[in-house]
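Worksheet: one structure, shown below.
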Amino acid sequence: MNKTDLEALLDTRREGHGLPRAFYQNEALYAFELERIWHGGWLFAGFTFEVKNPGDYLTFSVGGTSVLVMRDDAGDVRAFHNVCRHRGTLLCRADAGHVRAIVCPYHSWTYSRQGELVNCHGMHEGLDKSKLGLRPLATEVVAGLIYVCLSADPPAFAPLRDEFAPAARPQGFEHAKIARMVEYDVEANWKLVWENNRECFHCQRCHPQYVKANFDIYDEGTASEAVKQKMAAAVARTQSKWAAQGIDITHTHGGLATFPDPDNGLWFAADRTVLAEGFDTESMDGQRVAPLMGSYQDADVGVLRMRSLPNFWVHASCDHAVAARLLPVNSRVTRVRGYWLVNETAREDEDYTLDRLLPFWHLTNEQDWDICKWQQKGVDSVGYEPGPLSRVKEYNVDAFLRWYLKELRAGGPGVASRPLTRVA
Amino acid sequence: MNKTDLEALLDTRREGHGLPRAFYQNEALYAFELERIWHGGWLFAGFTFEVKNPGDYLTFSVGGTSVLVMRDDAGDVRAFHNVCRHRGTLLCRADAGHVRAIVCPYHSWTYSRQGELVNCHGMHEGLDKSKLGLRPLATEVVAGLIYVCLSADPPAFAPLRDEFAPAARPQGFEHAKIARMVEYDVEANWKLVWENNRECFHCQRCHPQYVKANFDIYDEGTASEAVKQKMAAAVARTQSKWAAQGIDITHTHGGLATFPDPDNGLWFAADRTVLAEGFDTESMDGQRVAPLMGSYQDADVGVLRMRSLPNFWVHASCDHAVAARLLPVNSRVTRVRGYWLVNETAREDEDYTLDRLLPFWHLTNEQDWDICKWQQKGVDSVGYEPGPLSRVKEYNVDAFLRWYLKELRAGGPGVASRPLTRVA
Amino acid sequence: MNKTDLEALLDTRREGHGLPRAFYQNEALYAFELERIWHGGWLFAGFTFEVKNPGDYLTFSVGGTSVLVMRDDAGDVRAFHNVCRHRGTLLCRADAGHVRAIVCPYHSWTYSRQGELVNCHGMHEGLDKSKLGLRPLATEVVAGLIYVCLSADPPAFAPLRDEFAPAARPQGFEHAKIARMVEYDVEANWKLVWENNRECFHCQRCHPQYVKANFDIYDEGTASEAVKQKMAAAVARTQSKWAAQGIDITHTHGGLATFPDPDNGLWFAADRTVLAEGFDTESMDGQRVAPLMGSYQDADVGVLRMRSLPNFWVHASCDHAVAARLLPVNSRVTRVRGYWLVNETAREDEDYTLDRLLPFWHLTNEQDWDICKWQQKGVDSVGYEPGPLSRVKEYNVDAFLRWYLKELRAGGPGVASRPLTRVA
């Protein structure tokens, strides 16, 4: 897809409406999305506690590209292209594991945990091993979250750090553990998954559990006085107790907080909002399902929400957090890993049980993946025409699409600009 | 595929021979066939009795495009693109069902059975709902058959109506029911399925059951005098009894009736022919397998055959009818729905049994799909060269290919002509 | 892919390094490889004893093209395109079988075992049957091996014959039989399978069984004096006994014999080398697993190895031989048939058992296909960069890649040169 064709395609979106059919079908566009957004942006890779000790590693694949994330001997988290510098063989094959050194299973080229080539016995004399270490990738850690960027010229990470670090501090992700992971293969283009995520217009119909706990389905225009009063009371109660400790209710009204904000370069956001009356946490009955996390002293902390484009979000209650990591498998399949986190000291079947911990979000997830699948089938039709987005309910879908188009426009073939950066 | 490349490809067919390999493999050509023939022509969708009451619906997919056929509140059959005007989600997911209104499973946009948008609660003020009804598709009904055209400029339907209505009247499709439906996924390009259908040269080898009941394998040149006399006697007998009632034997000699006829714009045809001695119907033993259909008064009515390009044929005996609806899944898979129809008052296991009703055509169908699959494997070879078509046995294959090439030629990119129309 | 694009791609390989990523992913390049290398070169099809009697046949598919190999009535082996000259239907569907004549399952066009069209009853008068015989393919037989070329202008076969005939004579492939065949679908591009085959650098890590029997892992530079002495002793012992009978140890040092040799047009090679002390044959424990083959008089004959590009190799010990036939299914899957041969008079469970015959090479094969699969996954990564090939261990990988590039360069679109020919 040359620049002219790309720009012509980008121009086919009608303001305030969804994307035309080609955006969900064109393979050349998908290849360009991979290059520009998925290889150009910061990807959430996992949690620091997943690679607790030197030699612990995790791997993930974006498009057809495998990334290796490892704790090195100095205790730092590093990321590399997970392929041997010799003949390209995939090095670490498991999703996660531990190694003393990285040894290629083909010809035993051996790399240190810092990625240096330390042994390639059998090669000819005169090879400069120092130039054959694993190809490093930009890596950042904030609040227990690991981010990796495949680009040699990554966007600035500091703005995300500045936003996430204080917001996440009381949650204590650094001292969490994974109670359960579920891999979902969603039969939909990755953009449909985000469009779904960026509005709660569908919650009333699709998410009978979710709407009991959250105020997202209400917006300023349509919420009743009763709802507004309940929300205001919850905000006031929490604020007065915890604001000094950084447990600040920053999203105080109904509807989703604004995100993303392409006009201000915001591809990440963190906010805290309150839960409905009777809900201490995002569980089926609102009752706590695990011990308190982080520095929380009681349940009355609302929900911390953080997200970053193109592949991460988390809802963190007082007692557990549920995160999602998105990775495109191809233009029509998106792999979503769901993480259920609890405090690292919590013991399964004593302090928490999976049958109480999982359902709220597992159901919500499956409801979303199902509707995304049917939307993909629909936008495949020649009869599909992008319709209007609700200005009161789908402002964030519009924002997402504007962000997406801006990313592609800025990054036309051959252009090395970095629009993922927050504008200072 | 631009017009020059298309025309160059179309010109590679050698007169009187099959199509070159590229016609069964080229994805750009397939996309153009979808646009020109499958989205441009009249598609058989189903039977009126499948959507008997207001709110009854059926759906089908052509290429990746889903169509919704529904009986509206006024009792008319309508068709729509089966996607929501909001975000494009597929609306009705079942092959068939009943609804009070069409409610999108995503955001509850609600459409009447006439396709009007009646509710989109949650959208902003000022939206013109009258412009957001379901996108209607041209729909026609004749003799109990529903036809839909995806084009905004459909070919004339009256010629088909003029041909089918009188021919089908005594069969009474309007008062039939489906005794059984079978979906076949044929591993062959849709054109191979039609090429197979348009000749009985293969019947002797492939269809041991079929040839016992029918005169199709004979042609004027090779039929013996004994065969000709038997056929003539059957024609005379039936004609003398029923012609006044419209049960007219119009195809009176061996071999297949000529169809299609691209020189005269005929993409549909109906005729009636006789069955072999001892065959009252197309069953394994020739014995009737269900009560008489329509206005027939005894079994001696031969077989009514109707077909229309690109996706329908039916063989209707005195007591039952077997129809086929073709839909391309992709360039290499054709979905064929087989329908076994009986009179709507016939009771299973009392008036008919499936083990007697199904085998004749289920076997014939499976024999055909199998040979189509092996032909597809063969034409995939670089060693395949289109061979000569028999002028005595395969004149209709030639006619089909000439029709096909004419459709594509007339409908070159950007050309809005309508060659599917019968020439007056 | 036009010539300019092709040449630009071919020029991206850096000397002494592997191939860039596009070589394993580009579908247009794969189509060109099929045309140039797979349809242009000599393909090993099978063994003469597989089609022992007139009417015996075998089939195989290369890309999507099916080839029929048959023993004709005069006792000669012939090959044809396995598609009917009428409508292109695949003729013989089994991998192997026996027919009195080749009868198309569609319309009964009938061909003699010589490929002549002898019956096409139902066609019109005046058809020239002599022009509608099966399309013959160039066929050669040497030392019990059948080779077929799909090109109308095949490369010279005599050089291969001159090399293989004397080398294979004592092995007696003509009087062998298949004890077992195994079909492997390797999830890797065919070139990765050859790259794997052309070096034993990986043997130490991947093939614990293989390295016990063979000297391949040693090279002149790194072999210890003890190893060199053992090898020299084995060479001297065998030579003194058998050289006069053509059992000549031509590969007398460690490491793989040089092959291919693109500078000298060598796309085939045969040599004999010795086995390690204690190994009479390539079995798990080195003990013989079947009666002696051919004219061998005792076990001390080393191993005869022959190979030809693009699809054959064999390791033949005194008592059995293990061959491989490669065929590309698509750009990412290579079908390898493994053959275990023994003398035709050997009786299973009396003279040999499969549990002793198979493991050595079945394990080695599976180890190779597994590593090829992981290499394919790795070279799919945008992080893959071709690394340096070991000049001491991977000279044959380099030679294979140079052969490959030369084939494609010489055979640019429209060019009918024949680089597969050995330079005289």
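Things worth noting here:
- Threshold 20 Å² - residues in the stretch B:75-95 whose accessible area is reduced by that much or more when the chain is no longer isolated, probe 1.4 Å: B:H81, B:V83, B:R85, B:H86, B:R87, B:G88, B:T89, B:L90, B:R93
- Averaging the Cα positions of each part gives two centres, and for the stretch B:1-80 and the stretch C:86-156 these lie 37 Å apart.
- Counting, for every residue in B:102-108, the Cβ atoms of other protein chains within 10 Å of its Cβ and taking the mean gives 6.
- Cross-link partners for B:K241 among the aspartates and glutamates, with Cα-Cα distance under 12 Å and sequence neighbours closer than 8 places in the same chain left out: B:D298, B:D300.
- Calculated label separations, A:R100, copies of the chain, 7 Å along the beta-carbon direction, nm: 7.1, 7.1
- Under 15 Å, Cβ to Cβ, from C:G378 - net charge with Lys/Arg +1 and Asp/Glu -1: +4
- Label distances, nm, B:T222 versus same residue in remaining copies, Cβ-directed 7 Å point: 7.0, 7.0
- The trypsin sites (Lys or Arg not before Pro) of the stretch A:296-357 that DSSP puts in a loop, and whose beta carbon has at most 12 other beta carbons within 10 Å, are A:R347.
- Probe 1.4 Å, accessible area per residue of chain B, Å²: 37 Å²
- Each of C:M306, C:M1 has its accessible area taken with a 1.4 Å probe; listed largest first, they run C:M1, C:M306.
- Across B:K212/C:K129; A:K191/A:K377; B:K377/C:K191; B:K191/B:K373; A:K393/B:K129, pairs whose alpha-carbon gap is larger than 21 Å: B:K212/C:K129; B:K377/C:K191
- Accessible area of chain A belonging to carbon and sulfur atoms, whole % at 1.4 Å probe: 48 percent
- Most fluctuating residue given options B:T222, B:T59, B:T250, as computed from a GNM of chain B linking Cα atoms under 10 Å: B:T222
- Between C:D300 and C:D370, the FRET efficiency estimated from the beta carbon spacing at R0 = 41 angstrom works out to 0.75.
- Dipole magnitude (debye, nearest 20) for the protein assembly as shown, charges at Cβ of Lys, Arg, Asp, Glu: 1420 debye
- Among the cysteines of chain C, those with no neighbouring cysteine Cβ under 4.7 Å are C:C92, C:C120, C:C149, C:C206, C:C318, C:C372.
- For the stretch A:205-249, accessible area lost to neighbouring protein chains reaches 50 Å² or more, against the chain alone with a 1.4 Å probe, at A:R205.
- Rg [Å, one decimal], Dmax [Å, integer] - the stretch B:1-132, C-alpha atoms: 19.7, 63
- Restricted to Cα atoms, chain B shows a radius of gyration and a Dmax of 22.3, 80 angstrom.
- Dimensionless Rg over Rh [the stretch A:309-387; C-alpha; Kirkwood]: 1.11
- Pairwise burial B:C, computed as accessible area of each alone minus the pair, summed, 1.4 Å, Å²: 2400 Å²
- The label point for B:N264 and the one for B:D162, both projected 7 Å from the Cα toward the Cβ, are 1.2 nm apart.
- With helices as the sole contributors, chain A gives -7000 deg cm²/dmol at 222 nm; each DSSP H run of n ≥ 4 counts as -39500 (n - 2.57), and the sum is divided by every residue.
- Nm distances between copies for C:D5, ranked from closest, using label points 7 Å along Cα→Cβ: 0.9, 0.9
- Of all chain A residues, the one whose C-beta is nearest the axis that brings A onto B, in angstrom: A:E27, 7
- For the stretch C:72-164, the list of GluC sites (Glu not before Pro) that fall in a loop by DSSP and count at most 11 other C-beta atoms within 10 angstrom reads C:E125.
- Set of the stretch B:358-379 residues, backbone N closer than 20 Å to the point 7 Å along the Cα-Cβ line of B:M1: B:376-379
The values are calculated or read from the model by the stated rules, or taken from the named source; none is laboratory data. Because the structure is predicted, anything quoted here is derived from the model rather than measured. Note that each Cβ is placed from the backbone with ideal geometry, even for glycine, and that neighbours are counted across all protein chains shown. Calculation scope for accessible area: heavy atoms of the full protein, side chains included, ligands and nucleic acids excluded. Shrake-Rupley method; radii C 1.70, N 1.55, O 1.52, S 1.80 Å.
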